[in-house]
Each structure stands twice: as structure tokens, then as C-alpha cells.
Amino acid sequence: MIDQTRLPAEEIYRTCRDYEEVAEAIRGMVIRGAPAIGVAAAMGVALGIKNSGARTIPALRHDFNRIAETLSSTRPTAINLFWAIERMRRVFETSLSCHNTDAQVVQAVRINLEEEAKRILAEDIAINEAMGRHGAALLPDSGTVLTHCNAGALATGGYGTALGVIRAAVSQGKNIQVFADETRPFLQGARLTAWELAKDGIPVTLITDNMAGHFMQQGQIKAVIVGADRIAANGDTANKIGTYSVAVLAHENRVPFYVAAPLSTIDRSLPTGERIPIEERSSAEVTQLGGVQIAPPSVPARHPAFDVTPHRYISAIITERGVAREPYTQSLSALFG
Ligand code: MRU
């Protein structure tokens, strides 16, 4: 995996040789973004079982549970992590049910899990491309689109959710330029979105988070599009800290605010966004910038890494199966079929 903590200064790839290394990479934000975390977790499960010395089914189940627990404990907000692990668990259980010798079953489990992880990666790319096809029409033919955090190829198996919609619109010939919020404190916008779009030749301008309102007030932003880490059944959306403020500003300035996310980001067990778990990360990510202390060392800092945007601020949710609008409880549910 590309080491996202080193971008844009260095493009370095990390090879994870066991599930513990994958878990550490997720926890340490070497890989981040909800769908990418899901893909990495699936790969981690496959890797863990591949390396497991278990020879019997009970021993293999014990190892599977330990691997799943370790990967599940890395980051709490992005539901794609738990979705991917559950999908791997289903393949694990189905693989156990064939009536062969223990050795044959253990071998089949290894192969099936590896294939499933690769399938999750391939599907994620196709899902992003489908979101691009559904969402491109919502973006203006010409003008500036604001995005927050990084919801691009780096945050997914490839192509991106919010940036995938932008990519699709640009490839249809739309004359779009992007304003990227820098996204304090981890700077996903400045470091990753700016890097990714510049590499693709999509015009991108960096702004600090507190400039967004000013540009909206001046009529310079035609639309906002962001990704999501978890969407409740009613459309309330958890995404990178600062997204809620952008949504309120967009509402005040009558700028459409779109969320692009795969169905695997929708948590239908939560009726509203109130109970979405919000990760609190180290305060050092707030008090330090590039390893340099920027606040008095004695002052405490808070670092909720996500916030929840109420559905009333969201103009539409773009998924791989189509575009949902209010009332989301019905429209999202209909997309699941
Ligand atoms: O803490 P991060 O960088 O993992 O947070 C990522 C985001 O908030 C993204 O916007 C979200 O996961 C959507 S990624 C397609």
C-alpha cells in the first residue's frame, strides 16, 4: 500500500507481511478512507489466515476471531471496516461447511478468503466508477466544486467516491475546477486531494478550512461534494471533522451539498446519526504540525476525527445504484432493493 502519511513529499509503498502490520497501517493512517480501510481489512484477514499455522477447524476459527478482533479495533467510525470483516466471516463459515478432511478445509478457507479479498478490491473500483456515472450529472457544466478531506483513489480501491464523481464529470467534458479544503488537523485535503488531482491534471486550488464560507458567500462555489464514513438509515452522515460546518455554510449560501458513498457505508442498523461512534484521535495531531509543536505544551487539545451532518443539509446521496434524495429512510432503503 502507498504510505499516505508520507505524501506528498515521498511516494513510498509499504508491504504488510501479516495482519498485525495491516492493523497497524490502518491505525496509523498509512492507509485511510472508509472504502480503502475496508479493502485493507479484508486483505488483512486473508493474510492472517494464510499465515496461520492452524491445522484443525477449531484452531482456525480461534485464529480467525483473533484476526477479526484485532482489525476491528483499529478505527471505530468507518463502517466499511466492519462490513468487510463480516463479509470475510461469511466466506469463512461457508468454506467450513464442505465435508472434507480438516486439511482440505483449511486449504479451501485460505484460498476462498484470498479470492474474496481480491473481489472486494475489484468490486470497490467498479462501484466507484458507477457512482461517477450516477453523480456526474449533478455537477455543474462549468465552475468550482468544493471538497473536504480526501475521498479519492487513495481513500478507496481506486477512482474515488467524491473525487470519482468529479473525475467522471471532467471526463464527460465538464469544465470543473476543485477547491480542496486543507482539512485540519491531518491535512488530507492539502496533502492527498491536492496531490491526487494535480497528478490527474484536474485543476485544484487549496484553501484553508475557514475560507470555505467566504468563497461560498462570494458565489464562487457551485457545489460541494464529500465522501462518508458511515451513513445512518435516515441519511445523517458521518464524515471527516469539519464536514458539518461546510454543510451548514452550503445550506446558508444555497449551494448544493452532495455525499458520494457506496451502499457498504450505509449502516441500516442506526435509525439516525446520533449513535455513530466518533473516533477521538491523539491530541498530538492537533498540537503538532509535521512533528513541530505549535501550541503551548501544557494546553490540552481535543481531536474528534469525524462529525455528523444531519440529513436536512444533504441535497442528495450518490451511490453505485443511483441517487437518493429526501426522505432518505425510504430512498436509501429502496436502493438496497
Ligand atoms: O480519517 P480518514 O482520513 O480515514 O477520514 C476519511 C474521510 O473522512 C473520507 O472523507 C471518507 O472516508 C470517505 S473516503 C472515500
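The values are calculated or read from the model by the stated rules, or taken from the named source; none is laboratory data. The structure displayed is predicted, hence computed values, not measured ones. Glycine also receives a Cβ, built like all others from the backbone with ideal geometry; neighbour counts cover every protein chain displayed. With ligands, DNA and RNA removed, areas are computed over all heavy atoms of the protein, side chains included. Shrake-Rupley method; radii C 1.70, N 1.55, O 1.52, S 1.80 Å.
Going by a ≥ b ≥ c, the root eigenvalues of the Cα gyration tensor, does the range 210-337 fall in the rounded group (a/c under 1.5), the prolate group (a/b larger than b/c) or the oblate group? Please list the in-between numbers first.
Details: a/c = 2.70, a/b = 1.48, b/c = 1.82.
Cα axes put the range 210-337 in the oblate bin.
Just list whichever of Lys118/Lys199; Lys118/Lys222; Lys118/Lys174; Lys50/Lys199 have alpha carbons separated by over 31 Å in the model shown.
Numbers: Lys118/Lys199 26 Å; Lys118/Lys222 38 Å; Lys118/Lys174 33 Å; Lys50/Lys199 36 Å.
Result: Lys118/Lys222; Lys118/Lys174; Lys50/Lys199 exceed 31 Å.
For the range 83-158, what value does the Rg/Rh ratio take when both radii are computed over Cα atoms and Rh is the Kirkwood radius, given to two decimals?
Here the Rg-to-Rh quotient is 1.23.
Points 7 angstrom from Cα along the Cβ direction at Glu274 and Glu115: gap in nanometres?
Going from the Glu274 label point to the Glu115 one covers 4.5 nm.
Determine the percent antiparallel among the DSSP beta bridges restricted to the chain, to the nearest 5.
Antiparallel bridges: around 40 percent, rounded to the nearest 5.
Using only helices, what value at 222 nm comes out for the chain when you add -39,500 (n - 2.57) per DSSP H run of length 4 or more and divide by the total residues, to the nearest 500 deg cm²/dmol? Can you show the working numbers first?
Working: 11 runs with 141 residues, N = 337.
Mean residue ellipticity at 222 nm (helix-derived): -13000 deg cm²/dmol.
Give the ranking of Lys199, Lys240 by solvent-accessible surface, highest area first, calculated with a 1.4 Å probe. Before the final figure, lay out each step's value.
Working: Lys199 125, Lys240 15 Å².
Ranked list, largest accessible area first: Lys199, Lys240.
Determine the shape class of the range 12-148: with a ≥ b ≥ c the square roots of the Cα gyration tensor eigenvalues, call it rounded for a/c under 1.5, and otherwise prolate if a/b is greater than b/c, oblate otherwise.
Prolate.
Please calculate how many Å² of accessible area the range 1-110 carries per residue, with a 1.4 Å probe and no DNA, RNA or ligand atoms counted. Display every interim value, and only then the final one.
Numbers: 4980 Å² over 110 residues.
For the range 1-110, the per-residue accessible area is 45 Å².
Would you mind computing, in nm to one decimal, how far apart the modelled labels at Asn65 and Gln177 are, each placed 7 Å from Cα along Cα→Cβ?
Computed distance between label sites Asn65 and Gln177 equals 5.8 nm.
Test of understanding: given the chain, find the longest segment containing no GluC sites (Glu not before Pro) that are in a DSSP loop and have at most 12 other Cβ atoms within 10 Å.
12-337
From the Cα gyration tensor of the range 132-185, with a ≥ b ≥ c the square roots of its eigenvalues, which class applies: rounded if a/c is under 1.5, or else prolate if a/b is larger than b/c, or else oblate?
Here the range 132-185 falls in the oblate category.
Measure nothing fancy, just the Cα-based angle from helix 162-171's long axis to the longest principal axis of the chain, in degrees from 0 to 90, nearest 10.
Once rounded, the angle reads 70 degrees.
Compare Thr56, Thr237 by solvent-accessible area with a 1.4 Å probe and give them largest first, with all protein chains kept in place.
Output order, biggest surface exposure first: Thr56, Thr237.
Test of understanding: in a Gaussian network model of the chain with alpha carbons linked when under 10 Å, which of Ser95, Ser298, Ser315 would top the mean-square fluctuation ranking?
Greatest mean-square fluctuation among the candidates belongs to Ser298.
Looking at the range 145-302, send over the antiparallel percent of its DSSP beta bridges, to the nearest 5.
The antiparallel proportion sits near 25 percent.
Specify the residue with the greatest mean-square fluctuation among Pro296, Pro327, Pro140, computed from a Gaussian network of the chain linking alpha-carbon atoms under 10 Å apart.
Checking each option, the largest mean-square fluctuation is seen for Pro296.
Given bins 20 angstrom wide, list per bin the percent of all Cα-Cα distances in the chain, short to long.
The percentages, shortest bin first, are 32, 56, 12, 0.
Determine the distance separating the Cα centre of the range 80-104 from the Cα centre of the range 134-159; give it in Å without decimals.
35 Å
Quick one: pull the percent of accessible area on the chain belonging to carbon and sulfur, 1.4 Å probe, ligands and nucleic acids left out.
Working: 7630 of 14390 Å².
Accessible surface attributable to carbon and sulfur in the chain totals 53 percent.
Cα-Cα pairs above 23 Å in the range 172-251: how many percent?
Everything past 23 Å amounts to 24 percent.
Among Ile266, Ile12, Ile127, whose mean-square fluctuation peaks in a Gaussian network model of the chain (Cα, cutoff 10 Å)?
In this elastic network of the chain, the residue with the biggest mean-square fluctuation among Ile266, Ile12, Ile127 is Ile12.
Calculate how many DSSP beta bridges within the range 82-209 are antiparallel, expressed in % of all such bridges and rounded to the nearest 5.
For the range 82-209, the DSSP antiparallel bridge percentage is about 10.
Could you order Leu187, Leu192 by accessible surface area, starting with the largest, using a probe radius of 1.4 Å?
Largest accessible area first, the list is Leu187, Leu192.
Using R₀ = 30 Å, calculate the FRET efficiency as 1/(1 + (r/R₀)^6) where r is the Cβ-Cβ separation of Thr208 and Glu11; round to 0.05.
So, using R0 = 30 Å, E works out to roughly 0.75.
Rounded to the nearest 10 Å², what accessible area does Thr144 show when all protein chains are kept and the probe is 1.4 Å?
10 Å²
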